Amino acid sequence: MTLKELQAAIEGILFVRGDEGVTLEELCDLLELSTDVVYAALEELRLSYTDEARGLRIEEVAHAFRLSTKPELAPYFKKLALSTLQSGLSQAALETLAIIAYRQPITRIEVDEVRGVKSEKAIQTLTSRLLIKEVGRAQGTGRPILYGTTPQFLDHFGLKSLKELPPLPEDIDESSIGEEADLFFQQMEQGSLFHEE
């Protein structure tokens, strides 16, 4: 594998892993290469992101590397997030949002377990629309990101606090999470909590 191919593989892995990032050890295991080789390629790739006029950077957070947007470009990304906030959410995003709203703080893997499918795209959508955010890190292996709702979530649904979330029936089980999400949003609509825009 050439250096360029290795860097392309690293870049792809960082993209696929998303906000959780990937540790150097995980990269080495995935690529079946030594720490020295992978770290050198990663550092050169990270340097190329800082040297070039690019909207992304590679950052290290809690011993994990991830792709993120450059802070100096944040005003553009905020405009995008605010404009897309008005558009509808997919069923997957609605389910994910309901789970996070009621069970926060919660990791992506815990959301995946409740839904029975991967939720990374839905979490990315909800994060980009400022409805959820990182609220910390869980204890344990890899210290996964914990997600919770934002003030924009409360504002969007006309809530003053999370205590105003409509109660869910006690007999709802995890295998019917789609129904749980539908019930959540039906109750929100009946309570006139959606902003009409």
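The values are calculated or read from the model by the stated rules, or taken from the named source; none is laboratory data. Predicted model, so just to flag it, every value in this text is computed and none were measured. Cβ placement follows ideal geometry from the backbone for every residue including glycine, while neighbour counts extend to all protein chains displayed.
Summary of computed values
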quantity	calculated
Flag if Arg129 is modelled with pLDDT under 90, over 21 Å from Ile13 (Cβ atoms), more than 14 Å from the chain's Cα centre (by Cα) and surrounded by 18 or more Cβ atoms within 10 Å (Cβ to Cβ)	no
Residues that are outside any helix (DSSP H, G or I), surrounded by 14 or more Cβ atoms within 10 Å (Cβ to Cβ) and without any contact (Cβ under 8 Å) to a residue 40 or more places away in the chain, drawn from region 7-62	Leu33, Leu56, Arg57, Glu59
Residues being closer than 23 Å to Leu14 by Cβ, touching a residue at least 12 places away in the same chain (Cβ under 8 Å) and part of a helix (DSSP H, G or I) - total across region 96-126	11
